[in-house]
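These notes concern the structure reproduced below.
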Amino acid sequence: MSTQNPRRVERQQTDKGYVPVYTTAVVEQPWDDYSAADHRTWATLFQRQREVLKGRACREFIENQERFGMRADAIPRFEDLNRVLNYTTGWEVVGVEGLLPELEFFKHLSNRRFPVTWWIRRPEQLDYLAEPDLFHDLFGHVPLLLNPVFANYMQAYGQGGVKAYGIGADALVNLTRLYWYTVEFGLIRQDGDLRIYGSGIVSSKGESIHCLESPAPNRIAFDMERIMRTRYRIDTFQKTYFVIDSFEQLMDATAPDFTPIYARLARQDSIPAGAVLDSDTVIQRGSGEGWAKDGDV
Ligand code: PHE
Ligand code: CO
């Protein structure tokens with residue numbers, strides 16, 4: 001396959017320096033070019049989140065992150081992570097410049113390749129940035145790729161993505177909401193408590209605390225079609241978190257062919273991010289505190 005033996009077309013100047021660019025848009029991790037400041041950014045975020053996530057992240061996240069032997073003192077090398085991934089679930093991380101076009105992203109996932117942004121945020125962006133960087137992708141997404149059930153879910157999602165792409169724009173919107181409210185912002189019930197598994201949460205100090213401890217957001221039991229109708233914002237804390245009981249539940253619920261589901265959803269209205277429906281199984285109803293009055297999501 002071409003991505004396993006990529007052909008370099010040129011070296012491109014990006015705002016972070018020169019990186020080799022391949023025909024597949026997969027880039028080599030320019031590990032030797034990371035600055036001392038880059039490694040310090042990793043160290044600061046790594047230490048901070050490991051502390052915050054004690055008792056907050058689900059056990060699969062913590063245990064699997066430890067299995068990689070990621071440390072604070074240096075940005076991990078993709079090749080080291082890939083050795084561990086390869087003999088456990090057969091996943092692999094590949095370097096990319098940042099967010100990929102949807103179809104490109106789905107194809108990587110369906111081949112058990114997880115695209116990781118090669119660059120890390122600047123020191124003044126420790127608390128927030130509007131797009132995924134190396135810290136979000138590596139620290140947030142990669143650990144659960146060692147969990148066999150979650151690893152299969154990610155691949156199935158990629159395959160479903162390729163299919164939805166062929167069906168049309170509305171199907172893609174529905175499917176993307178599912179990713180958002182599970183892979184990025186999902187909560188899981190464990191030993192009677194809520195725990196985090198979503199990557200968008202675990203890579204954010206503010207949201208790691210907010211999602212579990214703030215009275216503002218709703219926490220609602222996972223309901224696949226409900227989620228696929230629910231709008232979201234990418235630039236604020238979520239108004240609603242959906243809670244699964246296990247990764248098996250996620251896998252089983254998403255196993256059916258979505259084609260008839262997309263057709264059904266196309267005839268239903270979308271749901272605002274903060275709404276609570278009579279049909280919801282509400283774990284905790286949010287107070288809505290701090291939400292903009294005119295927020296239309
Ligand atoms: N079963 C879905 C389909 O047929 C694919 C999918 C699996 C989507 C897992 C999301 C998660 O489209
Ligand atoms: Co992400």
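Each reported figure results from applying straightforward, stated rules to the coordinates on display, with no laboratory input. Please read these numbers as outputs of a predicted model, since none were measured by experiment. Note that each Cβ is placed from the backbone with ideal geometry, even for glycine, and that neighbours are counted across all protein chains shown.
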Of the residues 223, 252, which single one is surrounded by fewer than 16 Cβ atoms within 10 Å (Cβ to Cβ) and within 15 Å of ligand 1 (Cβ to nearest atom)? 252
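So is residue 288 in contact with a Lys or Arg (Cβ under 9 Å, 6 or more places away or on another chain), assigned to a loop (DSSP other than H, G, I, E, B) and touching a residue at least 60 places away in the same chain (Cβ under 8 Å) or not?
Judged against the criteria, residue 288 is a match.
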Options 277, 250: the member that is away from ligand 2 (no atom under 16 Å from the Cβ), in contact (Cβ under 8 Å) with a residue 12 or more places away in the chain and assigned to a helix (DSSP H, G or I): 250
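Among the residues of the stretch 206-244, which ones are within 15 Å of the chain's Cα centre (by Cα) and either among the polar types (S, T, N, Q) or part of a helix (DSSP H, G or I) (or both)?
Within the stretch 206-244, the first condition is being within 15 Å of the chain's Cα centre (by Cα), and the residues that meet it are 207-208, 232-235, 237-238, 241-242.
Answer for the stretch 206-244, where residues must be within 15 Å of the chain's Cα centre (by Cα) and either among the polar types (S, T, N, Q) or part of a helix (DSSP H, G or I) (or both): 207, 208, 238.
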Out of (1) out of contact with any His (no Cβ under 8 Å at 6 or more places or on another chain); (2) within 12 Å of ligand 1 (Cβ to nearest atom); (3) within 29 Å of residue 291 (Cα to Cα), what's the single condition that is false for residue 160? (3)
Single residue of the stretch 81-115 satisfying the filter (among the charged types (D, E, K, R) and more than 22 Å from residue 160 (Cα to Cα)) that is surrounded by the most Cβ atoms within 10 Å (Cβ to Cβ): 97
Return the pair list, or none, for Cβ contacts closer than 7 Å from residues in the stretch 39-53 that are touching a residue at least 40 places away in the same chain (Cβ under 8 Å) to residues that are among the small types (Gly, Ala, Ser) and part of a helix (DSSP H, G or I), at least 6 apart or on different chains. 52/208; 53/208
Selection count where residues are within 16 Å of ligand 1 (Cβ to nearest atom) and not in a helix (DSSP H, G or I), scope the stretch 255-273: 5
When every residue in the stretch 178-214 that is acidic (Asp, Glu) and either within 11 Å of ligand 2 (Cβ to nearest atom) or surrounded by fewer than 18 Cβ atoms within 10 Å (Cβ to Cβ) (or both) is compared, the one nearest to residue 251 (Cα to Cα) is 184
Which of (1) touching a strand residue (DSSP E or B) at 6+ places or on another chain (Cβ under 6 Å); (2) assigned to a helix (DSSP H, G or I) does residue 151 not meet, given it meets every other one? (1)
Go through the stretch 148-175 and give me each residue that's free of Cβ contacts under 8 Å to residues at least 24 places away in the same chain and buried (at least 16 other Cβ atoms within 10 Å of the Cβ). 173
Filter the stretch 71-80 for residues that are assigned to a loop (DSSP other than H, G, I, E, B) and surrounded by 15 or more Cβ atoms within 10 Å (Cβ to Cβ) and give the result. 75, 76
Would you please name the residue that is nearest to ligand 1 (Cβ to nearest atom), looking only at residues in the stretch 100-148 that are in contact with a Phe, Trp or Tyr (Cβ under 7 Å, 6 or more places away or on another chain), in a loop (DSSP other than H, G, I, E, B) and of a type outside the set (S, T, N, Q)? 112
